[in-house]
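The values are calculated or read from the model by the stated rules, or taken from the named source; none is laboratory data. Everything numeric here is computed off the predicted structure, so don't read it as measured data. Ideal geometry is used to build each Cβ from the backbone, glycine not excepted, and the neighbour counts take in all protein chains shown. Note: accessible area is taken over every heavy atom of the protein model, side chains too, but ligands, DNA and RNA are not part of it. Shrake-Rupley method; radii C 1.70, N 1.55, O 1.52, S 1.80 Å.
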Amino acid sequence: MTAKRENAADKRERWLKLEFSTPPELADALANYVTELGAQGVYQEEVEPFAPNDRPAALDTLNAFLPVDVRLGQRLKHLDTYLGSLKALFPDLDAVALKTETIDDPDWGEQWKKYFKPIRVSRNIVIKPTWERYTPQGSDIVIDIDPGMAFGTGQHPSTRMCLEALEEILLKDRSVKDWRVLDVGTGTGILGIASAKLGAERVVCVDIDRKAAEISRENVRINQVEDRVEIVNRDVTSLNAQFSLIIANLTAKLLIGLRAHLVSLLADGGYLVLSGIIDQNRPEIEPRFLAPPFVTRRTLTEKEWVCYVLKKEEHTP
Ligand code: SAH
């Protein structure tokens, strides 16, 4: 497995594991915050999703990993302030509790594999971990993913909604003859690989994270779409090309910062799928993106997550 090889080769790498006990109502906001803070491998365990009504729901466990580097102290300070503000904003909920542990084990990336099972994410698409078996049925499009330390197993609502949007655009819009797709922040490569399997002629997956680029390259190879999918280890702002479909599952803050670049990378008449946005960030996103040069095609929601399908109007100045 890629992750295993990489971690074994890089034994000096150390991570701080953060284990939060959180009221379920705050789990998504917290996951979003730690991702924005630079955490990796963020995953949630719903201990008791259907607690009986006569007693309070159990707390969820949220795990995340921060690299032990020069920024750690500052990040933990920000986190502390954030947890303090959650407590002030939601005085009726239990306070979020945090346990930390330093991880030196080069194999630690393996432990979260047990939470990743084959999952149908849309009408046709099934995401399956490389180490599980799944027999495809009918028109199933199966995507094999070995996530290593990268984000993107299809289990997160923000990724799942992107896959649903991609499926609809690529399978239904026959007006585009030559799909050129840009996957911004590819993580495991999941959205870029899905685009290729849904018929896109050319896909560029970009990620600033070196590990994500390596992991996604391996997943592209496993899915045998190397001929159509290119992985680029760069910041998306350094690209200069035209795409007919751009998918960006990031965070509201990152999306707002990238807006001008996304507009210039998208061809007239092209689609932009925006995801990674939580409900409370809609007021910041909507005036900037649900406005010219974009028209809104669809708004998908799941739990507190929102995903927009936008189309760039043709012949805008
Ligand atoms: N596309 C996957 C993973 C999303 S996680 C999915 O939908 O599940 C977001 C990824 O964006 C991270 O891997 C992060 O490294 C990358 N990223 C963040 N800002 C970026 C930028 N400016 N340019 C390229 N990649 C970026």
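Here is a check on your reading of the model: is E214 open to solvent by 30 Å² or more (accessible area, probe 1.4 Å), in contact with a Ser or Thr (Cβ under 8 Å, 6 or more places away or on another chain) and farther than 22 Å from V142 by Cβ? Steps first, please.
Values: open to solvent by 30 Å² or more (accessible area, probe 1.4 Å): yes; in contact with a Ser or Thr (Cβ under 8 Å, 6 or more places away or on another chain): yes; farther than 22 Å from V142 by Cβ: yes.
It is true that E214 is open to solvent by 30 Å² or more (accessible area, probe 1.4 Å), in contact with a Ser or Thr (Cβ under 8 Å, 6 or more places away or on another chain) and farther than 22 Å from V142 by Cβ.
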Review point. Among all residue pairs at least 6 apart or on different chains, which show Cβ distances below 7 Å where the first residue, located in segment 249-268, is within 17 Å of S238 (Cβ to Cβ) and assigned to a strand (DSSP E or B) and the second is hydrophobic (A, V, I, L, M, F, W, C) and more than 10 Å from the ligand (Cβ to nearest atom)?
Key: L266/F243; L266/I246; L266/L272
Review point. Limited to segment 270-317, what total is found for residues that are without any contact (Cβ under 8 Å) to a residue 24 or more places away in the chain and in a helix (DSSP H, G or I)?
Key: 3
Point to revise | Residue list for segment 227-258, restricted to those being surrounded by fewer than 16 Cβ atoms within 10 Å (Cβ to Cβ) and among the basic types (K, R) | key: R234, K253
Practice item. Answer yes or no as to whether K99 is modelled with pLDDT of 90 or more, in a strand (DSSP E or B), over 27 Å from G185 (Cα atoms) and open to solvent by 60 Å² or more (accessible area, probe 1.4 Å). Key: yes
Check your understanding: Going by the conditions given, is V306 open to solvent by 10 Å² or more (accessible area, probe 1.4 Å) and among the hydrophobic types (A, V, I, L, M, F, W, C)?
Key -> no
Practice item. Assess whether N124 counts as being within 12 Å of the ligand (Cβ to nearest atom) and either open to solvent by less than 10 Å² (accessible area, probe 1.4 Å) or closer than 20 Å to V309 by Cα (or both). Key: no
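Under the condition of being part of a strand (DSSP E or B) and over 19 Å from the mean Cα position of the chain (by Cα), which residue from segment 237-248 is farthest from the ligand (Cβ to nearest atom)?
Step one: of segment 237-248, the residues part of a strand (DSSP E or B) are 243-248.
Next cut, over 19 Å from the mean Cα position of the chain (by Cα) only: 243-244.
Working: F243: 14, S244: 18 Å.
Per the stated criteria, the residue is S244.
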Exercise for review: Read through the list (1) under 21 Å from I125 (Cβ atoms); (2) in contact with a helix residue (DSSP H, G or I) (Cβ under 8 Å, 6 or more places away or on another chain), then give the number of the only condition that V206 fails.
Suggested key: (1)
**Study point:** Restricting segment 129-150 to residues that are closer than 23 Å to L300 by Cβ and out of contact with any Ser or Thr (no Cβ under 7 Å at 6 or more places or on another chain), the residue that is most open to solvent (accessible area, probe 1.4 Å)
**Key:** S139
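In segment 178-201, how many residues are under 21 Å from S264 (Cβ atoms) and in contact with a strand residue (DSSP E or B) (Cβ under 6 Å, 6 or more places away or on another chain)? Even if it seems obvious, please write down each step before you answer.
Narrowing segment 178-201 to residues under 21 Å from S264 (Cβ atoms): 178-186, 191-192, 195, 200.
Applying the additional criterion that residues be in contact with a strand residue (DSSP E or B) (Cβ under 6 Å, 6 or more places away or on another chain) yields 179-184, 186, 191-192, 195, 200.
Qualifying residue count for the region: 11.
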